[in-house]
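The values are calculated or read from the model by the stated rules, or taken from the named source; none is laboratory data. Just so you know, these numbers come straight off a predicted model, no measurement behind them. Cβ coordinates were reconstructed from backbone atoms using ideal geometry, including for glycine residues, and neighbour counts include every protein chain displayed.
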Amino acid sequence: LSEDSKLRRKETLASMCDERARMLQDQFNVSLNHVHALAILVSTFYHGKEPWALDQQTFEDYTEKTAFERPLTSGVAYALRVLHSEREKFEKQQGWIIRKMDTEVQTLGQDLVPEKLEPAPVQTEYAPVIFAQKTVSHIVSIDMMSGKEDRENILRARASGKGVLTSPFKLLKSNHLGVVLTFAVYNTDLPPEATREQRINATVGYLGASYDVPSLVEKLLHQLASKQTIAVNVYDTTDKSAPIKMYGDAANDTGLPRISQLDFGDPSRKHEMHCRFKQKP
Ligand code: WA2
């Protein structure tokens, strides 16, 4: 292969990879903005109104009809902040008890029902899901603070006021790695310069979206009809020494990959797309 065609091949790969990375990033950003808007909707119609102008059925209908606004998401849900002192009253009111997240039960039983889960052990506070899009109805009543990744996200979201992302982990009722995006919902309009303390105190709940990354990236790349040409991998590279593969098959080695940066809006997480030609020239 001449130096010239080698260079051209490299440039082609770079532009294809950049295009795919940009598409993925843009679609993620679109859905992030809509999840943010949903958090404001909950704040307005649930916490801002007496009596409540939002219930599970309304949330379900609304989120189904607006699902097209949140590309790449597999579902959205709202978890309420419940202090231990309010637990008994809350459970009576709901007619169900707060359950502990159990990844074993959740992935083994495809017909998972929350009734199979243990009651949440005593904690100072909980984050049970009270509203869910139909696609993730299996997480209603589960304490999101009882899952490691969800808990970290909740704590980071409410202290920062920003949308935050988990590292990749196995979502409930899914066999793939996914990520969760969380926005805190506050009971007052906080000034932009509010302290962490003020934010934590004003927190009333958490609006989250789950992303089943492999199936959603697959769908996206499918639209581009280049799957025979290039192999795409997506990594969480937050820990540079231990990247986590979120999408793609084992690399069939055809030389160095093109690496395109991905920005999913949470500065404490880093992501990259790696692209390779599937065939040697
Ligand atoms: N949503 C869907 N599947 C999951 C999951 C989750 N979290 N965690 C594990 N599997 C209600 O941040 C608040 C959604 C968590 C939001």
- [ ] Select from segment 175-192 the residues that are buried (at least 18 other Cβ atoms within 10 Å of the Cβ) and either away from the ligand (no atom under 16 Å from the Cβ) or of a type in the set (S, T, N, Q) (or both) and list them in ascending order.
- [x] Thr182
TODO: Would you check which residues across segment 194-215 are assigned to a strand (DSSP E or B), among the small types (Gly, Ala, Ser) and either more than 13 Å from the chain's Cα centre (by Cα) or over 18 Å from Leu38 (Cβ atoms) (or both) and list them?
DONE: Gly205
Open item on the list: Here is a check on your reading of the model: is Pro168 more than 10 Å from the ligand (Cβ to nearest atom) and more than 16 Å from the chain's Cα centre (by Cα)?
Closed with: no
Open item on the list: Looking only at segment 116-149, how many residues end up being surrounded by fewer than 18 Cβ atoms within 10 Å (Cβ to Cβ) and in contact with a Phe, Trp or Tyr (Cβ under 9 Å, 6 or more places away or on another chain)?
Closed with: 1
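Here is a list: Arg151, Arg199. Which entry is over 30 Å from Arg276 (Cβ atoms), near the ligand (Cβ under 10 Å from one of its atoms) and of a type in the set (Lys, Arg)?
On the way: Arg199 fails: near the ligand (Cβ under 10 Å from one of its atoms).
Answer to the check: Arg151.
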Open item on the list: Condition first: among the β-branched types (Val, Ile, Thr) and within 16 Å of the ligand (Cβ to nearest atom). Now tell me which residues in segment 202-221 satisfy that.
Closed with: Thr203, Val204, Val213
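Residues to consider are Thr166, Thr195, Thr203; find the one that is surrounded by fewer than 17 Cβ atoms within 10 Å (Cβ to Cβ) and either among the hydroxyl-bearing types (Ser, Thr, Tyr) or in contact with a Cys (Cβ under 8 Å, 6 or more places away or on another chain) (or both).
Numbers: Thr166 fails: surrounded by fewer than 17 Cβ atoms within 10 Å (Cβ to Cβ); Thr203 fails: surrounded by fewer than 17 Cβ atoms within 10 Å (Cβ to Cβ).
Matching residue, one of Thr166, Thr195, Thr203: Thr195.
Only helices (runs of 4 or more DSSP H) wholly contained in segment 32-124 count here; list those with 2 or more residues that are in contact with an Asp or Glu (Cβ under 8 Å, 6 or more places away or on another chain), among the β-branched types (Val, Ile, Thr) and closer than 26 Å to Lys170 by Cβ.
It comes to none.
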- [ ] Residue by residue through segment 142-193, note down the ones that are assigned to a strand (DSSP E or B), closer than 25 Å to Lys49 by Cα and touching a Ser or Thr at 6+ places or on another chain (Cβ under 7 Å).
- [x] Ala184, Val185, Tyr186
Open item on the list: Could you list, ordered by first residue, the pairs with Cβ atoms under 7 Å in which the first is in segment 265-281 and more than 18 Å from Pro243 (Cβ to Cβ) and the second is at pLDDT 95 or above and polar (S, T, N, Q), at least 6 apart or interchain?
Closed with: Gly265/Asn29
